[in-house]
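Read-outs: derived from the displayed coordinates by stated rules, not from any lab. Nothing here was measured: the structure is a model prediction, and the numbers come from that model. Cβ coordinates were reconstructed from backbone atoms using ideal geometry, including for glycine residues, and neighbour counts include every protein chain displayed.
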Amino acid sequence: MNKNDSPLYQSLIMGDFAGEGDLIHLITDEEEEGQTQPEDFSDEIPILSVRNTVLFPGVVIPITVGRERSIRLVKKAQKGNKMIGVCAQVNPNNDDPSWEDIYHVGTIAKIIKMIVLPDGNTTIIIQGKTRFKIKETLREDPYFEAKVEYLEESFPDNNKEIDALEESLKDAAGKILQLNPEIPREAQVALDNIDSTAFLTHFLSSNINAPVEAKQKLLEINDGLERATLLLEYMMKDIQMLELKSEIHKKVHTDIDQQQRDYFLRQQMKVLQTELGEEGPEKEVEELRAKGKKKNWPPEVAKHFEKELDKILRINPSAAEYPIALNYAEVMVELPWDETTPDNFDLKRAKDILDNDHYGLDKVKDRIIEYLAVLKLKRDLKGPILCLYGPPGVGKTSLGKSIAKALGRKYVRMSLGGLHDEAEIRGHRKTYVGAMPGKIIQSMKKVKTSNPVYVLDEVDKLSSDFRGDPSSALLEVLDPEQNSTFVDNFLEVEYDLSKVLFIATANSLETIQPALRDRMEVIEVTGYTMEEKVEICKKHLIPKQRKEHGLKAKDVSFDKKAIVKIIEDYTRESGVRNLERTIGTVIRNVAKSIAMEEEYQKKITPAMVRKILGGEIFDKEIYQDNSVAGVVTGLAWTSVGGEILFIETSLSKGKGKLTLSGQLGDVMKESAMTAISYLRSRADSLGIDNRIFDQYDLHVHVPAGAVPKDGPSAGITMLTALASLYTQRKVKAKLAMTGEITLRGKVMPVGGIKEKILAAKRAGIKEIVLCNRNKKDIEEIDKKYLEGVKFHFVDKVDEVLDIALLKVKVDYPLKLTFEKSDKAVEA
């Protein structure tokens, strides 16, 4: 084949180039006749690194040159002998390769033509001559240059194995041409004209569908027989891949034909079903259309629904979209769009229901009655969403059920604990497989009314992850200004939630998103007092447990002292959940005796409680008479109610070191430091020798060290204990106090007053010191809980000390002695 007669070669020479990136292969008579000799080339040549390409001897390819280094190399070579070394790049994404980034076996090539393109890039057409191996790298700038060793080709002549390989390669190439319609048919003519095994191997190696690493491996093999064998292996893999693709195409084509056939058959079947009066998809759609006409929904929703029904008729019933579209239409007609239950606005009846279902909680019940009163007058729920906040077991969820009962509405509850997927609130889009509406819409569909009482339980336990933030999705649900146009992702149309009475419950406000908390009116449901728990046991828990265990009132009853013992010694909690379980344990013991026909005592006494439940779990703090100075009784609030605590202080000879023990929190430690600073500043007026602060170590201890203690309520207790210790004046008997202090000697108000006072009364305290600003909290407590307790309201620390400390000093076990100091003491 004469290269001058080749149309492709002529087009290249004349500048008629196909474009950047096209691979052009040329067979020249030079290679066929074996005229290329390594001796004609210099052993120091410039190296051009190329991407995604491996050049083989005898092959002509175009290369677009864009890098500055490569452009300088090409221009230099064009002016000289036009010979360059071409090496493939290891990483094609590296724009600035070094010697380590290129393969060290390449092909020396001659620049046949250089074309400058309009975009500024330069394209060169090169022809591979012979292979080489880099022996020594000479320089990188201004372009790569290296000392090379030329590699000789090793193709044995007149070898049967070589002849067989050549035929196999041509057969494989012909097979690839048949299977791949993208390859031009002229390629077969080129193959037939090749009669050199070496060039055939190079030509096919350059054109096979293989990665650069595989082609480079072929280039680096010196043995021609081994190279041709590996090439044949690559080509056979390519043939297998092309055959597999061909099978897939045929299968897909067959499936499409089958679908068309099924469609025509189904159309014929529809006609037959209509003639026979049998049901078809049209009947389902017409039933849905009839249901939709009965719905009192907005015009835009009705229009959307009709559009969806028309879409169902156009879908093939065997298609995957058909059941999704049908399910969507069914959800729309099953939703209550304007179906409501009539409200019962008899507020006296509502109050009776709340009182019967819940003992105590007067403030909470009054707020709910106010809420219902506004609803009765306004007939509009565009107000704050209620959030019942309090410890576990105080009846938050059951309050929501009682509200539904009082109003005559249906009750629905959704637990939000651990919910972390936004789609649980807003639903999935219909495009997803298994799409469904969110839990809000699902609950509305289940309850079949658009104005239920909807309790969102554990709103503080929402979590978020990569699937979204459900607490943010709830912002629209719980906003009265927005929830009338709530859009579920599955539903795609606006749904009115403004008639729903939402009630949220939470154990903690800290974990609720601030924007969500802002949309709710928080009503605190505090824990029950011991007296309230006794009444709850009598009216609710004991009858309920008797019924659940199959007993009657005549079978078992509880003595009041037995109930008190269970509450104080076996259940220390704010609510009554654990109390109910414990009462159930006692009643089960009675049920066992009845079932086994054993004799038992029908009246449960404290002794029987201890026998059934075992030893007491909790110890109640009782006031202990203090005969020494430096011990004061304080009041503390815990999540299970109020408690008394003792603050003990002692002095020992030392250097003024302060020790705090009893697992105190940061706030209580600060209270102790504030008290010491105040006493130092007022030492003279209180009759305290200033040297005691520097020559004696102070130890402050709060008993029950395994229990963490913290909170802003122990300030005046700490101060009174230290003042008693330093002045050696005892604290008045049966006196307790709570309040915080400032460095200026002011007493600050604290919280949890109701629980603290009840704890003090149970412990036998007769007098309590409080901040004057806590007087309003006393007014809210039932008078019967305050009988037998005297209150002292103060504004300053001096008033506390005057009330708490006795005038007579006591003998302290440690004789206080002071070292003489040479330092002058200035007033």
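Tabulated values for the structure
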| quantity | calculated |
| --- | --- |
| Prolate/oblate/rounded call for the stretch 107-160, Cα gyration tensor, a/c under 1.5 rounded | oblate |
| Beta bridges by DSSP in the stretch 35-114, antiparallel share as percent, to the nearest 5 | 55 percent |
| 0 to 90° range, to nearest 10: angle between helix 753-762 axis and the chain longest Cα axis | 50 degrees |
| Furthest towards positive pole of dipole, Leu679, Val447, Pro392, structure part the chain, Cβ charges | Leu679 |
| For the stretch 281-334, projected area of the alpha-carbon convex hull averaged over all directions, nm² | 3.3 nm² |
| Which of Ser464, Ser661, Ser650 has the fewest Cβ neighbours within 10 Å, and the rest in rising order | Ser661, Ser464, Ser650 |
| For Ala504, residues with placed amide H under 5 Å, excluding near neighbours | Leu386, Cys387, Leu388, Leu456 |
| Cβ charges +1 (Lys, Arg) and -1 (Asp, Glu), total dipole of the stretch 303-447, debye | 260 debye |
| Per-q log10 I(q)/I(0), the stretch 657-708, q = 0.18, 0.31 Å⁻¹ (Debye; single scatterer per alpha-carbon; no solvent) | -0.65, -1.20 |
| Charge-dipole axis of the stretch 281-334 as Lys and Arg at +1 and Asp and Glu at -1 on Cβ define it, positive-most pick from Asn327, Phe305, Ile315 | Phe305 |
| Percent antiparallel among DSSP beta bridges (both partners in the chain, rounded to 5) | 55 percent |
| Debye equation applied to the C-alpha atoms of the chain, log10 I(q)/I(0) at 0.07 Å⁻¹ | -0.82 |
| Theoretical FRET efficiency, 1/(1+(r/R0)^6), r = Cβ-Cβ of Ser246 and Ala320, R0 30 Å, to 0.05 | 0.65 |
| For the stretch 738-750, Karplus couplings with θ = phi - 60° (6.51, -1.76, 1.60), whole Hz, Gly/Pro x | 8, x, 10, 10, 10, 5, 7, x, 8, 9, 9, x, 9 |
| Listed pairs Lys401/Lys775; Lys730/Lys776; Lys405/Lys547; Lys544/Lys761 exceeding 25 Å between Cα atoms | Lys401/Lys775; Lys730/Lys776; Lys544/Lys761 |
| Low-density loop cleavage sites - chymotrypsin sites (Phe, Trp or Tyr not before Pro) in the stretch 450-502, where at most 15 other Cβ are within 10 Å (DSSP) | Phe466 |
| Test item: Cα-centred dipole of the stretch 530-613, Lys/Arg +1 and Asp/Glu -1 on Cβ, debye | 120 debye |
| For Leu645, residues with placed amide H under 5 Å, excluding near neighbours | Gly634, Leu635, Ala636 |
| Listed residue (Met718, Thr431, Thr137) projecting farthest to the positive dipole end of the chain, Cβ model | Met718 |
| Where trypsin sites (Lys or Arg not before Pro) fall in DSSP loop in the stretch 710-781, at most 11 other Cβ within 10 Å | Arg744 |
| Degrees between helix 197-207 axis and first principal axis of the chain (Cα, 0 to 90, nearest 10) | 40 degrees |
| Helix 160-179 axis, angle to the chain major axis (alpha carbon atoms, nearest 10°) | 60 degrees |
| Stretch in the chain that is longest and holds no GluC sites (Glu not before Pro) that DSSP places in a loop and that have at most 11 other beta carbons within 10 Å | 280-480 |
| Dimensionless Rg over Rh [the stretch 530-613; C-alpha; Kirkwood] | 0.93 |
| Straight-distance crosslink candidates among lysines, where the alpha carbon sits under 27 Å from Lys113 and sequence neighbours closer than 8 are dropped | Lys3, Lys75, Lys76, Lys79, Lys82, Lys129, Lys133, Lys147, Lys215 |
| DSSP-assigned coil residues among trypsin sites (Lys or Arg not before Pro) in the stretch 559-605, each with at most 15 further Cβ atoms within 10 Å | Lys602 |
| Per-pair calculated FRET efficiency, R0 = 30 Å: Tyr600 and Lys547 via Cβ, rounded to 0.05 | 0.95 |
| Cα→Cβ-extended label distance, 7 Å offset, between Gln663 and Asp119, nm | 7.3 nm |
| Amide H partners (placed H, <5 Å) of Ile102, local residues excluded | Val90 |
| Qualifying lysines (Cα of each under 17 Å from Cα of Lys657; at least 8 residues distant if same chain) | Lys669 |
| Cβ-based exposure ranking for Trp637, Trp99, in which fewest neighbours within 10 Å come first | Trp99, Trp637 |
| Given charges at beta-carbon only (K, R positive; D, E negative), |dipole| of the chain in Debye | 7380 debye |
